[in-house]
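The values are calculated or read from the model by the stated rules, or taken from the named source; none is laboratory data. Note that the coordinates shown come from a computational prediction; the quantities given were computed from them, not determined experimentally. Cβ sites come from the backbone with ideal geometry, for glycine too, and all protein chains shown count toward neighbours. Accessible surface areas use protein heavy atoms only, side chains included; no ligands, DNA or RNA. Shrake-Rupley method; radii C 1.70, N 1.55, O 1.52, S 1.80 Å.
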Amino acid sequence: MSYTRKALTKELREEAYNKCKGHCAYCGCELEYKDMQVDHIVAVARGGTNDLENLLPACRQCNYDKHTMTIERFRKRISKELYKSLDRVFVYRLAKKYNLIKEEPRVVKFYFEQLQDEADKKSGI
């Protein structure tokens with residue numbers, strides 16, 4: 001599949017950055033503007049656009065890990081599949097064996113979703 005990625009304007013990057021008040025839309029870590037990557041909710045490779053509604057600020061780690069996944073596929077990867085990957089690492093299995101780590105699978109709520117929930121509560125929705 002061939003697609004053309006157009007550069008985002010400075011204004012659009014700034015608007016995307018401000019959507020989550022200087023935080024990664026996924027993990028919620030604080031982001032310096034210069035370190036922010038702009039994630040496409042629907043990847044350009046999957047037909048996504050450069051419209052602001054399709055853009056979120058992301059840290060390098062989250063943007064890399066999400067790649068072209070949908071939000072729900074990314075959520076599943078983090079909440080379920082990550083433990084399977086960790087279990088391949090000897091030190092992790094040893095830490096589990098000695099009860100130094102307790103796996104607590106749960107549904108992941110991304111930072112941008114938490115912000116939306118807060119906004120909805122304030123507006124009475």
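Looking only at the range 6-42, count how many residues are in contact with a Phe, Trp or Tyr (Cβ under 9 Å, 6 or more places away or on another chain), more than 21 Å from GLN114 (Cβ to Cβ) and not in a helix (DSSP H, G or I).
Matching residues across the range 6-42 total 0.
In the range 70-110, what residues are in contact (Cβ under 8 Å) with a residue 24 or more places away in the chain and of a type outside the set (S, T, N, Q)?
Step one: of the range 70-110, the residues in contact (Cβ under 8 Å) with a residue 24 or more places away in the chain are 70-71, 74-75, 78-80, 105-108, 110.
Listed by number, the residues that qualify are ILE71, PHE74, ARG75, ILE78, LYS80, PRO105, ARG106, VAL107, VAL108, PHE110.
So ASP39 passes all but one of these: (1) open to solvent by 100 Å² or more (accessible area, probe 1.4 Å); (2) in contact with a strand residue (DSSP E or B) (Cβ under 8 Å, 6 or more places away or on another chain); (3) acidic (Asp, Glu). Which condition number does it fail?
(1)
For the range 74-100, which residues satisfy the criterion of being polar (S, T, N, Q) and over 15 Å from the mean Cα position of the chain (by Cα)?
Let us first name the residues in the range 74-100 that are polar (S, T, N, Q), namely 79, 85, 99.
Across the range 74-100, the qualifying residues are SER85, ASN99.
What's the number of the only condition in (1) buried (at least 16 other Cβ atoms within 10 Å of the Cβ); (2) part of a helix (DSSP H, G or I); (3) among the aliphatic types (A, V, I, L, M); (4) without any contact (Cβ under 8 Å) to a residue 60 or more places away in the chain that LEU115 fails to meet?
Here LEU115 clears every test but (4).
Quick check on my filter: what residues within the range 71-100 are among the aliphatic types (A, V, I, L, M) and surrounded by 15 or more Cβ atoms within 10 Å (Cβ to Cβ)?
If we filter the range 71-100 for residues that are among the aliphatic types (A, V, I, L, M), which is where we start, we get 71, 78, 82, 86, 89, 91, 94-95, 100.
Listed by number, the residues that qualify are ILE71, ILE78, LEU82, LEU86.
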